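J.: I'd like to ask you about the structure that follows.
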Amino acid sequence: MTLLRIAWRNLWRHKRRTLITASGMAIAMGLVISMSALQDGMFDMMADVMIRQQLGHAQVNHPEWPGKQSMYDTVPSSLVDGIQALPEVTGASGRMFSFGLAASETKAGGARYVGIDPADDRAITDLSANLVDGAFLGDAAKGEVLIGQAMAKELELAIGEELVFLGQAADGSTANELLTVVGTYSTGVDQMDKTGAYMHVGDLQRILALDGQVHQILVVGEHMDLSAEIAAAVSGIVEDGEHTQVRAWEDADPAMAQMMGMRDASLFVMLFIIFSVAGLAVLNTNLMTVFERTRELGVLRAIGMTRSKMMALVILESVLLTSVAVVFGIALGGFLDWLLIEYGFPYETEDGKGFSWQGITFPTRFYGTVRPFPFIVTTCFVFFVAVAAAIWPAIRAALLRPVQAMREV
């Protein structure tokens, strides 16, 4: 208790220096906490949007489909209704895929056709956010097609004109159809905008002679962290092991799962960079304190204070200084986190839309996500830096010779 009182008294001998050092550490801590909240919010939102639009929180397909993506590797589309009825599921939608020729009156090119059920798809994705001109697909199969803006330019197709679908059906016959262009979209990804074409899954089933079949069923729940529970619930009603398989998104895309697992690495990078500078400030403060009190420390050594207690005194002063900084740092970080949660961080392109990446358009505003982990790690790291920065000054104080130290002016 005596050491604590002495350390606290010494801390406020130079109030300005103490407040400046503590303020710097508090600001650094608040920035790290808020940046972590923003990063977590961006990460969660981007991952959730990407997973919803590309992978689903879980997906059902033929066991051979992920590797071969053959036209014949399908599952019954009737499974969608049963999956949608599960309490763990908020939406499910079947999709079909086919490569073929897309042609206008004057030009032709390769295309990747994606069959979707617009009504079911709205529960899991927002593909209409990429719409540039015209209208989105109707809920009924009426021979409509939505093509990329680059494809429309390449084929010289306008809204309302007809696109020729030419490919191969599952029964060996030639698949051909006239489709009406109802709209164009843009994802920002050249390959998708030049070759991607969306149509009603009912139309694509009929054209490919695969009535009642889909290549993939995307399933979503409340949150991507519940993917294992969602996959387990879906497996209970659809998986037979031979013709269907159910996979959580982590199993469907291990690379994405690995990237999600690495998100805390950037927190440690921020901590290292920011508090390396803050640690120098603490070290400077501790050294100045020891130099200014050399005579006083010599007196303490002369009246019987041991070397270990001398080291403990200097380290305790650093810990108390850090405690003051932590209180204000957590308060600042909490306030900034509240702003990020309440108002978000605007991030939009020149045309007022969210940025696009890999064919996915994100919202125009990111919101923060608060987790206990950044608060705990940041606080522990700050104290670690404070103790580390006090070791050198503490050793110097402990090695002082009382006679020489008391001669210091």
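The values are calculated or read from the model by the stated rules, or taken from the named source; none is laboratory data. Not measured: the values here are computed from a predicted model. Glycine gets a Cβ as well: all are built from the backbone with ideal geometry, and neighbour counts include every protein chain shown.
J.: Give the residues of the stretch 87-123 that are hydrophobic (A, V, I, L, M, F, W, C) and either surrounded by fewer than 21 Cβ atoms within 10 Å (Cβ to Cβ) or out of contact with any strand residue (DSSP E or B) (no Cβ under 9 Å at 6 or more places or on another chain) (or both), sorted by residue number.
T.: 97, 99, 101, 103, 108, 114, 119, 123
J.: Just name the residue that is modelled with the lowest pLDDT out of those in the stretch 377-409 that are over 20 Å from residue 282 (Cβ atoms) and either among the polar types (S, T, N, Q) or part of a helix (DSSP H, G or I) (or both). Walk me through it before giving the result.
T.: We begin by selecting, within the stretch 377-409, every residue over 20 Å from residue 282 (Cβ atoms); these are 399-409.
Checking the rest, the ones that are also either among the polar types (S, T, N, Q) or part of a helix (DSSP H, G or I) (or both) come to 402-406.
Numbers: 402: 71, 403: 67, 404: 70, 405: 59, 406: 68.
By that ranking, first place goes to 405.
J.: Also, quick follow-up: Please enumerate the residues belonging to the stretch 225-244 that are over 16 Å from residue 82 (Cβ atoms) and either polar (S, T, N, Q) or crowded, with 22+ Cβ neighbours inside 10 Å (or both).
T.: Residue satisfying the conditions is 227 alone.
J.: State all residues of the stretch 131-151 that are more than 22 Å from residue 216 (Cα to Cα) and touching a Leu at 6+ places or on another chain (Cβ under 9 Å); if no residue qualifies, say none.
T.: If the condition is that a residue be more than 22 Å from residue 216 (Cα to Cα) and touching a Leu at 6+ places or on another chain (Cβ under 9 Å), then 131, 134, 135, 151 are the ones that fit.
J.: What is the one condition in (1) in contact with an Asp or Glu (Cβ under 9 Å, 6 or more places away or on another chain); (2) crowded, with 20+ Cβ neighbours inside 10 Å that residue 84 does not satisfy?
T.: Among (1) in contact with an Asp or Glu (Cβ under 9 Å, 6 or more places away or on another chain); (2) crowded, with 20+ Cβ neighbours inside 10 Å, residue 84 violates only (2).
J.: Separate question: Quick one: which helices (runs of 4 or more DSSP H) lie wholly within the stretch 265-350 and hold at least 3 residues that are under 43 Å from the mean Cα position of the chain (by Cα) and exposed (fewer than 14 other Cβ atoms within 10 Å of the Cβ)?
T.: Details: elements: 265-292, 294-302, 307-342.
Passing ranges, in order: 265-292, 307-342.
J.: Given the structure, is residue 237 touching a Phe, Trp or Tyr at 6+ places or on another chain (Cβ under 7 Å), in contact (Cβ under 8 Å) with a residue 12 or more places away in the chain and β-branched (Val, Ile, Thr)?
T.: Against the criterion (touching a Phe, Trp or Tyr at 6+ places or on another chain (Cβ under 7 Å), in contact (Cβ under 8 Å) with a residue 12 or more places away in the chain and β-branched (Val, Ile, Thr)), residue 237 does not qualify.
J.: Mind listing just one residue for me: the one in the stretch 114-128 that is modelled with pLDDT of 90 or more and in contact with a helix residue (DSSP H, G or I) (Cβ under 6 Å, 6 or more places away or on another chain) and, of those, nearest to residue 72 (Cα to Cα)?
T.: Checking each candidate, the answer is 115.
J.: Condition test on residue 209, is it surrounded by fewer than 17 Cβ atoms within 10 Å (Cβ to Cβ), closer than 27 Å to residue 111 by Cβ and of a type in the set (Gly, Ala, Ser)?
T.: So residue 209 fits the description; yes.
J.: So which of 218, 226 ends up being among the aliphatic types (A, V, I, L, M), out of contact with any strand residue (DSSP E or B) (no Cβ under 9 Å at 6 or more places or on another chain) and under 30 Å from residue 47 (Cβ atoms)?
T.: 226
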